[in-house]
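See below for the structure under consideration.
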Amino acid sequence: MMEEYFIDLGEKKPGCTENPVIRLTQMLLRVEEGKGVLKVASDEREIPLKILEMLADKRNLKLQVLEKNGTKVIVLYSK
Amino acid sequence: MMCFLNINEIRKDFPILERKIRGKSLVYLDSAASSLKPIQVVEAIREFYLIEYSNIHRGVHYLSQSATSRYEESREKIAKFINAHSSEEIIFTYGTTDSLNMLAYGYGLRVLKPGDKILLTIMEHHSNILPWMYISTLTGAKIDYIDITDEGEIDYDELDEKINEKTKIVSITHMSNVLGTIIDVKKIAKKIHEVGGVIIVDGAQSVPHMPINVRELEIDFLAFSGHKMLGPTGIGVLWIKRDLLDDMHPPRLGGGSIRDVTLDDFTFLDPPHRFEAGTPNIAGVIGLARAVEYLEKIGMNNVRRHEEELTSYALKELDRFKGQIDVYGPSSVSIRGGIIAFNVKGLDPNMVGGLLDSFGIAVRTGKHCAHPLHQRLSIDGSVRASIYIYNTKEEIALLTSALEEITNATIR
């Protein structure tokens, strides 16, 4: 059964190793390896949707926009 | 562009460069974090472990004596590489961080008194800040910092104000691991020597990338790492000017560093062995010596010229993105190495790094163990691309092409 990962890019923790974007790149690798799918919550004011789309495109992943509420988006990365 | 190096031949020595990342050629721009390893270094280590291995020093059997010769010949090689007076000035450590800690505990703890000053720069790597912070709490010495200008250069005007008779130690980077700024350490050495102090140089980013002559620079201590100069991890060098060898107390004590031990006392061996307690990273030393041979064959002047060319090209290309990309550090390549930190406006640097990874381009992101510098620049991190002998103009073009796609995607 495929795992479902979730990252909220707005949830910033202190410390330079706790950045959610770093976790995003780590989780995307797992999706690329076929280990699961990744749901990402983001704010377009901080990260444009085109950037999230570019990540999918360059890594041969599918991106589905699950929710869009003003500038808030939730997307799903899958292989 | 004139080519001082036969890049194609050099690149053949690095099999990792054949790798594809997501179907794209690997563009490795992270040598400031750690350099790639040529097959010659890997083979030297492999051969040592497979057919020459033994522990060193004091052994009476052939393998031990042969390994000892290899180890000490490596020391000679490295001494010549930096133009040390003699090999006794070369101490093998585990890396630059280890070397700087050895200096803080072995030298700083001995000479510093309450009210004395340790002078650093605001650009320092944490490995050249934290040991001194701790030593200052133990000794009562105070730390002061030389600031940078808006151009990312050292504010040399501050030297007269910051260096006085209370300044016992100046410990500074030769090349910033973020800005690429090359500091005129000789100028600072002269100033500190006038007041009877010493200068410690963090050469982690400079020794792999430019000719180093410790006598010409007139410095007192130099620290550098093997893994940033084509060598293996776990090996570094601390060079100590021979006049100061007896002023330094070995901070690590144990077997291999003493002449005699009784129940009440012990006597040290002469330098450098008194500073190398325990079984050292013998294979690491062999690998480092092979890396030095590799670099000497290329010629450090050629290494520097190659990086100047690529850095100059990179800065010129990045200038096209003015208003969209902020580049930090000096604009003149005569005072900067092949390290380029930048930010894409409006994007987290880790996101930029993740995107570049999607293009097969390896850079480093974050604060690069230089939090005070990032606070000084009022930024929450940066992307860092760093160049070495195996990088090409085409790879820089790939970087800027990727950045163009990224900046276009940020236009809201």
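The values are calculated or read from the model by the stated rules, or taken from the named source; none is laboratory data. Just so we're clear, the structure is a prediction, and the values are computed from it rather than from any experiment. FYI the Cβ positions are ideal-geometry reconstructions off the backbone, even for glycines, and counts take in every protein chain you see.
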**OP:** Would you point out which residue out of B:Lys190, B:Lys168, B:Lys117, B:Lys162 is at pLDDT 95 or above, surrounded by fewer than 16 Cβ atoms within 10 Å (Cβ to Cβ) and assigned by TED's automatic domain parsing to the domain that holds B:Pro251?
**Re:** B:Lys190
**OP:** Tell me, yes or no, whether the range B:383-396 has at least one residue that is outside any helix (DSSP H, G or I), surrounded by fewer than 21 Cβ atoms within 10 Å (Cβ to Cβ) and away from chain A (no Cβ under 12 Å).
**Re:** yes
**OP:** Check whether at least one residue in the range B:355-365 is more than 8 Å from every other protein chain (Cβ to nearest Cβ) and on the phi > 0 side of the Ramachandran plot, and report yes or no.
**Re:** yes
Original post:
Given the residues B:Ile199, B:Ile219, which is the only one that is closer than 22 Å to B:Leu119 by Cα, assigned to a loop (DSSP other than H, G, I, E, B) and either in the same structural domain as B:Asn83 (by TED's automatic domain parsing) or touching a residue at least 40 places away in the same chain (Cβ under 8 Å) (or both)?
Top reply: B:Ile219
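Residues checked against (1) exposed (fewer than 14 other Cβ atoms within 10 Å of the Cβ); (2) more than 8 Å from chain B (Cβ to nearest Cβ); (3) modelled with pLDDT under 95:
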site: A:Leu24; (1), (2), (3): no, no, yes
site: A:Glu33; (1), (2), (3): yes, yes, yes
site: A:Lys39; (1), (2), (3): no, yes, no
site: A:Leu63; (1), (2), (3): no, yes, no
site: A:Leu66; (1), (2), (3): yes, yes, no
site: A:Val75; (1), (2), (3): no, yes, no
site: A:Ser78; (1), (2), (3): no, yes, no
Subject >> Options B:Thr173, B:Thr149: the member that is polar (S, T, N, Q), closer than 23 Å to B:Thr311 by Cα and surrounded by fewer than 16 Cβ atoms within 10 Å (Cβ to Cβ) >> reply: B:Thr149
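Conditions tested, residue by residue: (1) touching an Asp or Glu at 6+ places or on another chain (Cβ under 8 Å); (2) surrounded by fewer than 21 Cβ atoms within 10 Å (Cβ to Cβ); (3) not assigned by TED's automatic domain parsing to the domain that holds B:Ile235.
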position: B:Glu47; (1), (2), (3): no, yes, no
position: B:Gly59; (1), (2), (3): no, yes, no
position: B:Thr68; (1), (2), (3): no, yes, no
position: B:Ser74; (1), (2), (3): no, no, no
position: B:Lys77; (1), (2), (3): yes, yes, no
position: B:Phe81; (1), (2), (3): yes, no, no
position: B:His85; (1), (2), (3): no, yes, no
position: B:Ile90; (1), (2), (3): no, no, no
Original post:
Out of the range B:301-344, which residues are within 20 Å of the chain's Cα centre (by Cα) and either assigned by TED's automatic domain parsing to the domain that holds B:Thr233 or polar (S, T, N, Q) (or both)?
Top reply: B:Asn301, B:Asn302, B:Thr311, B:Ser334
